[in-house]
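One structure below.
The values are calculated or read from the model by the stated rules, or taken from the named source; none is laboratory data. The model shown is predicted, which means the values in this text are computed figures rather than measured ones. Cβ placement follows ideal geometry from the backbone for every residue including glycine, while neighbour counts extend to all protein chains displayed. When the accessible area is computed, the model is the full protein with side chains, heavy atoms only, and any ligands, DNA or RNA have been set aside. Shrake-Rupley method; radii C 1.70, N 1.55, O 1.52, S 1.80 Å.
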Amino acid sequence: MLKEIFEQPKNIKDALRGRILNNPERIKISSLEEFIDKFEKAKRLVFISCGTSWHASLLAEYYFEELARIPVEVEYASEFRYRNPIINQEDIIIPVSQSGETADTLAAIKLAKEFNPFLYGVCNVVGSTISRETDSGIYIHAGPEIGVASTKAFTCQAVVMLMLAVDVGFRLRKVDLVKYNTIVNELLDLPNKVENLLKESNIVLDIANKYKDARNFLYLGRGYNFPIALEGALKLKEISYIHAEGYPAGEMKHGPLALIEEGMPVVVIAPRDEHYKKTISNMQEVISRGAKVLLITNKSTDEIYSENIWEQIEVEHISDELIPFLTTIPLQKLAYYSALDKGYDIDKPRNLAKSVTVE
């Protein structure tokens with residue numbers, strides 16, 4: 001798993017390779033070029049996925065609704081087929097799977113096909129069943145991922161989603177040229193930023209050692225970083241066997257605040273964006289009840305509007321749309337080092353399989 005975490009700069013380059021042209025830089029995805037009319041006419045996008053791929057799909061919901069202004073629904077594949085869903089021919093169904101063989105997702109595709117929508121797959125394995133069962137799609141080019149807990153595949157799924165969303169948004173004239181160029185250029189520079197962040201290991205090692213005996217964790221995020229809170233909690237559960245839950249930061253006061261007790265670790269993802277002060281206010285609520293807060297934010301000359309933060313990790317400054325690619329790295333490493341300190345088999349966690357081929 002650690003090898004795959006550190007491969008992410010290269011994997012991001014591979015996901016971008018051949019899809020961003022030079023002079024001037026612009027996105028060109030062949031499967032999108034061929035079927036752009038489907039996206040231009042789409043009334044709704046419906047993502048169907050499981051686990052980590054569901055979290056990437058949730059991030060895609062933010063991207064497509066913000067940048068392309070297309071309504072999005074994100075469905076658990078394991079529930080989609082049992083809900084008698086409403087599907088129209090103007091919908092685009094987007095199944096997302098690392099392996100392309102996930103049984104729940106394949107069953108959802110089979111159901112969706114009965115309504116004859118356009119199916120656009122997102123997967124990693126070339127020639128997989130999902131790539132054959134969909135009308136078109138895109139490979140994420142993450143390379144073989146051996147560890148059961150997905151890391152680089154999640155990152156590449158999210159990179160591909162952002163490329164698709166910003167290009168569709170630009171074509172639909174929902175994204176102006178300045179915004180488009182900013183995101184494209186920052187995507188090109190993203191591997192360097194991820195590589196620099198991966199070199200900063202000591203602080204995560206220390207934090208993992210301090211928190212390894214905790215029985216419960218909470219992860220809080222808002223906006224683009226809510227899916228990252230969910231993904232961070234899932235990684236910790238999968239390989240360190242610590243109970244962890246991710247929540248939207250604003251939902252803490254609607255129930256989960258009752259769980260906070262003295263010394264409980266709470267991971268707060270709060271980049272200095274338009275939501276920063278509100279998220280810090282939520283963070284203060286858990287601090288005042290005795291929680292030990294790990295704050296993940298981005299570097300700035302501004303002060304942190306809080307006191308009593310237990311630990312802090314700063315990532316490089318980047319656009320709001322790309323900050324999740326940086327905030328997810330410390331959470332992957334936190335899960336890894338927590339499991340390592342406990343002596344667990346990190347690449348083969350108990351009860352789990354890499355490709356879930358049963359319903």
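Values computed for the structure shown
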{"read-out": "Using alpha-carbon coordinates, inclination of helix 226-240 to the longest axis of the chain, degrees", "value": "70 degrees"}
{"read-out": "Positive-end extreme of charge dipole, the chain - chosen from V315, N23, G143 (charges on Cβ)", "value": "G143"}
{"read-out": "Interchain or long-range residues, amide H under 5 Å from V293's placed H", "value": "V266, W310, E311"}
{"read-out": "Heavy-atom surface of the chain, accessible at 1.4 Å and reported per residue (Å²)", "value": "43 Å²"}
{"read-out": "Convex hull volume per residue for the range 150-237, taking Cα atoms only, in Å³", "value": "115 Å³"}
{"read-out": "Nonlocal amide H pairs with I260, under 5 Å, H built at 1.01 Å", "value": "none"}
{"read-out": "Quarter of the Cα convex hull surface for the range 213-359, i.e. its orientation-mean projected area (nm²)", "value": "9.6 nm²"}
{"read-out": "Whole-Hz couplings from phi, Karplus 6.51/-1.76/1.60, listed for the range 173-178; x for Gly and Pro", "value": "6, 9, 10, 7, 5, 5"}
{"read-out": "FRET efficiency for K210 and T357, using Cβ-Cβ distance with R0 set to 45 Å, rounded to 0.05", "value": "0.70"}
{"read-out": "Accessible area of the range 150-243 belonging to carbon and sulfur atoms, whole % at 1.4 Å probe", "value": "47 percent"}
{"read-out": "Debye-sum result for the chain in log10 I(q)/I(0), which assumes one identical scatterer on each alpha carbon, at q = 0.06, 0.10, 0.11, 0.14 Å⁻¹", "value": "-0.21, -0.59, -0.72, -1.18"}
{"read-out": "Highest-MSF residue in the chain out of G232, G246, G343 [GNM, Cα springs under 10 Å]", "value": "G343"}
{"read-out": "Globularity ratio of the range 45-179, using Cα Rg and 2.2 N^0.38 Å", "value": "1.00"}
{"read-out": "Sum of side-chain charges, L230 neighbourhood, beta-carbon under 13 Å (Lys, Arg +1; Asp, Glu -1)", "value": "-2"}
{"read-out": "Förster-model FRET efficiency, 56 Å R0, I36 and E251, C-beta, rounded to 0.05", "value": "0.90"}
{"read-out": "20 Å cut-off, amide nitrogen to a point 7 angstrom out along R132 Cα→Cβ, residues in the range 325-359", "value": "355-359"}
{"read-out": "Fraction of the pair-distance distribution of the range 8-69 above 17 Å, Cα-Cα pairs, percent", "value": "60 percent"}
{"read-out": "Other-chain or far-sequence residues with amide H under 5 Å of V315's (modelled H)", "value": "T297, N298, K299"}
{"read-out": "Vicinal HN-Hα couplings computed from phi for the range 246-257 (Karplus, 6.51 cos²θ - 1.76 cosθ + 1.60; Hz; Gly/Pro x)", "value": "x, 9, x, 4, x, 7, 4, 6, 9, x, x, 4"}
